[in-house]
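Engineer: The structure follows.
The values are calculated or read from the model by the stated rules, or taken from the named source; none is laboratory data. Note that the structure is predicted; figures quoted are calculated from it, not measured. Here the Cβ positions follow ideal geometry from the backbone for every residue, glycine too, while neighbour counts run over all protein chains shown.
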Amino acid sequence: MSNSKVKTSDLFQYVLILKKEKTVNSDYISISLCVISFLFFLFLSYTNNSFITLLFLGSFLIPAALIRTINIKRKKNPGITFKHPLLITGFIWLWVPGLRWVFILFVIFVLFDHQSRQPLEIGVSDEQIVINTFFRKRYHWNELSNVVLKDGLFTMDFRNNKLIQRETAPGRERIDEVTFNEFCREQLQLQKDSRDGDC
């Protein structure tokens, strides 16, 4: 979605796409999790002298999946993630007595990794402002004292003195800041009038 007034959806009048902040390269974390798990499975098989178990034999699916994903990433699709090696590694943890819960951690990491690669969007409607993080954050206009977009910087000023500021993504179609700010002023004024009427 672009930084423009939405005409095809009744959900949000405006959608802002924010500039991505620098994050730790999750590819390296994914590879490390898989390699450490693989080495742990080999060590466990060695200490238990069990080299014909599903745990030992299945663990070799991990380097195979890693090599395949790295090759695809280099030759065909740089945007591919390590979702499949992570899920395979997670499933193999199900064969480790007492540590089966580690599988859940791998699934959660895959979900967070997927979300972190998505462009961060803020939907602005006459009812609320929604930020599409992993757990969507919803803010109603009665929580805010000011909302403004100026020179590509989006600011939400809360009535409890909390402040959120983020840059919009460069190179995107930009919304008309004057129109957007007027829309926000109207919503804030409606909330102010509503509070004054309740007094």
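Engineer: Which residue, of PHE103, PHE38, PHE43, is part of a helix (DSSP H, G or I), at pLDDT 90 or above and exposed (fewer than 11 other Cβ atoms within 10 Å of the Cβ)?
Structural biologist: Only one candidate passes the filter, namely PHE43.
Engineer: Do we have any residue at all in region 106-128 that's in contact with a Ser or Thr (Cβ under 6 Å, 6 or more places away or on another chain), acidic (Asp, Glu) and either modelled with pLDDT under 90 or crowded, with 17+ Cβ neighbours inside 10 Å (or both)?
Structural biologist: Yes, some residue in region 106-128 is in contact with a Ser or Thr (Cβ under 6 Å, 6 or more places away or on another chain), acidic (Asp, Glu) and either modelled with pLDDT under 90 or crowded, with 17+ Cβ neighbours inside 10 Å (or both).
Engineer: Given the conditions (1) more than 30 Å from VAL147 (Cα to Cα); (2) assigned by TED's automatic domain parsing to the domain that holds GLU167, and given that ILE72 satisfies all but one, which numbered condition is not satisfied?
Structural biologist: (2)
Engineer: From the list THR179, THR89, THR155, which residue is hydroxyl-bearing (Ser, Thr, Tyr), at pLDDT 90 or above and under 30 Å from PHE40 (Cβ atoms)?
Structural biologist: THR89
Engineer: Taking region 123-159 as the region of interest, how many residues are of a type in the set (Lys, Arg) and within 17 Å of GLN189 (Cβ to Cβ)?
Structural biologist: Counting residues in region 123-159 that are of a type in the set (Lys, Arg) and within 17 Å of GLN189 (Cβ to Cβ) gives 1.
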